[in-house]
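I have placed the structure first, in the form of structure tokens, so that the comments after it can refer back to it.
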Amino acid sequence: MIRDIQDGKVFSVDKHTKTIIAEVQGAGEMRQYECALLCCDNPLCLCGTVHLSFTPRDQAAPDDPASPYQVDFDVMHRKLAYEDEGKVSAENLTFAKSLLSTMDETDYEFLLYSHFAYKNGITEKADIETIEADFDYQDVEENGALYAYNDVLPYGDPLQVRMQGESCLIYDQYCLRPKCACTDTTLTFFPDKGLDQPIRELFAVRLDYKTKQWATAEGNAGPVDIGAVRRAVEDQIPDIHKRLLQRHIKLKAIYAHCKKRHFKPQAQVPKVGRNDPCPCGSGKKYKKCCM
């Protein structure tokens, strides 16, 4: 579930048409614009750039540009994101800077969550074979390294619950080795402080989503009421065990696809016996040469 996007000072959503509306200070007056939002279509790209087009809602004024105003905005760093401002028209740049000077904290949050919602829709609909995620294949294959759903898919559906009145995000981690049949996941809980805020781990639990066995994970700073955690998660996400199964299957499919394309196992060096010819080519036995 993605949190509701709250209206800002400049940006809001028309409750009937569901379009984004912006009120921007013009030449001595406030004007309303319909705003179209586009983002990068790569589900793994973290550039944070949104492309905004502003079309006046009223009749065009004589000084309106021939086409809608275009504003490129970096939601992560809260700044304009034009590649070269020198190539932007004076009218468009003036509009963009006026917009930026008018926005407040709620507007930054509005664009941040609008960007996330856009990318989330792309992520959850993307074909597995189009996702080129980055894995440490050696670590997975040899050490069973775990990967979290939202680390592989940063804009994937988040898991959220309320614990003791506070909103929490859950990172669900899995083993991705293709031949491993385990149904375990590690659920790590973090306070939900916003998309652009640093977070710290609260605690972690282990769950076998097939047998529905819950347990406290190692490494927690203090005691964890596993019963309370289980009740909160199962009450608020009734299909949690099914969802974890689906997310595990999806991650393993992404991993298998990427591994097939990019992983080259390290060559196995044959073991040399004491009495075998030395591999250096000297003609001597290994024990008499380079052993």
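The values are calculated or read from the model by the stated rules, or taken from the named source; none is laboratory data. Computed from a prediction, not measured in an experiment: that's the story for all the values here. Don't worry about glycine lacking a Cβ; one is built from the backbone with ideal geometry, like all the others, and counts go over all protein chains shown. The protein model used for the area step is the full one, side chains on, heavy atoms only, and it has no ligands, DNA or RNA in it. Shrake-Rupley method; radii C 1.70, N 1.55, O 1.52, S 1.80 Å.
Stretched out straight at 0.36 nm per residue, the stretch from residue 80 to residue 166 would grow longer than its current Cα-Cα span by 27.6 nm. Couplings for the range 75-87, taken from phi via the Karplus curve 6.51 cos²θ - 1.76 cosθ + 1.60 with θ = phi - 60°, read 6, 6, 10, 6, 8, 5, 10, 5, 5, 8, 4, x, 9 Hz in order; Gly and Pro are left as x.
Taking the Cα atoms of the range 1-157, the ratio Rg/Rh between the radius of gyration and the Kirkwood radius comes to 1.07. Summing Lys and Arg as +1 and Asp and Glu as -1 over all other residues whose Cβ lies under 11 Å from the Cβ of residue 151 gives a net charge of -2. Highest mean packing comes first when the peptides 129-139, 248-258 are listed by Cβ atoms within 10 Å, giving 248-258, 129-139.
For the chain, the Cβ-based charge dipole about the Cα centre amounts to some 2460 debye (Lys, Arg positive; Asp, Glu negative; other atoms uncharged).
Normalised per residue, the accessible area of the chain is 59 Å², obtained with a 1.4 Å probe and no contribution from ligands, DNA or RNA. Picking from 178, 56, 223, which is most flexible by a Gaussian network model of the chain using Cα springs under 10 Å? Comparing 178, 56, 223 in the GNM, the peak value goes to 223. Diffusion of the chain by Stokes-Einstein, at 10 °C in a medium of 1.306 mPa s and with Rh set to the Kirkwood radius over alpha-carbon pairs, works out to 69 µm²/s. Remark: spin-label model distance residue 157-residue 275 equals 6.5 nm, labels positioned 7 Å along the Cα→Cβ axis. Converting the Cα gyration tensor eigenvalues of the range 212-264 into ellipsoid dimensions via √(5λ) gives semi-axes, longest first, of 31, 17, 7 Å. Computed from phi, the 3J(HN,Hα) profile of the range 141-149 under the Karplus parametrisation 6.51, -1.76, 1.60 (θ = phi - 60°) reads 5, 8, 10, x, 4, 8, 10, 8, 4 Hz, with x in place of Gly and Pro. Each principal axis of the range 143-262 carries a Cα extent, and these read 45, 35, 27 Å when sorted largest first. Among all the lysines, which ones have a C-alpha under 27 Å from residue 210's C-alpha, if same-chain residues fewer than 8 places away are not counted? The qualifying lysines are 125, 179, 242, 250, 252, 259.
On the basis of the beta-carbon distance and an R0 of 51 Å, residue 58 and residue 260 show a calculated FRET efficiency of 0.35.
Count Lys and Arg as plus one, Asp and Glu as minus one, and take only other residues whose Cβ is under 12 Å from that of residue 82; the net charge is then -2.
Model label points for residue 190 and residue 19, set 7 angstrom from Cα along the Cα-to-Cβ axis, are 3.6 nm apart. For the range 72-134, the pair-distance distribution built from all alpha carbon pairs, in bins 5 Å wide starting at 0, is 4, 14, 20, 17, 15, 14, 8, 7, 1 percent. Hey, any idea what % of the range 164-253's accessible area is carbon plus sulfur with a 1.4 Å probe? Carbon and sulfur atoms account for 50 percent of the accessible area of the range 164-253. Model label sites at residue 117 and residue 228, defined 7 Å from Cα along the beta-carbon direction, differ in position by 3.4 nm. When Rg and the Kirkwood radius Rh are both evaluated on Cα atoms of the range 148-204, their ratio Rg/Rh stands at 1.02.
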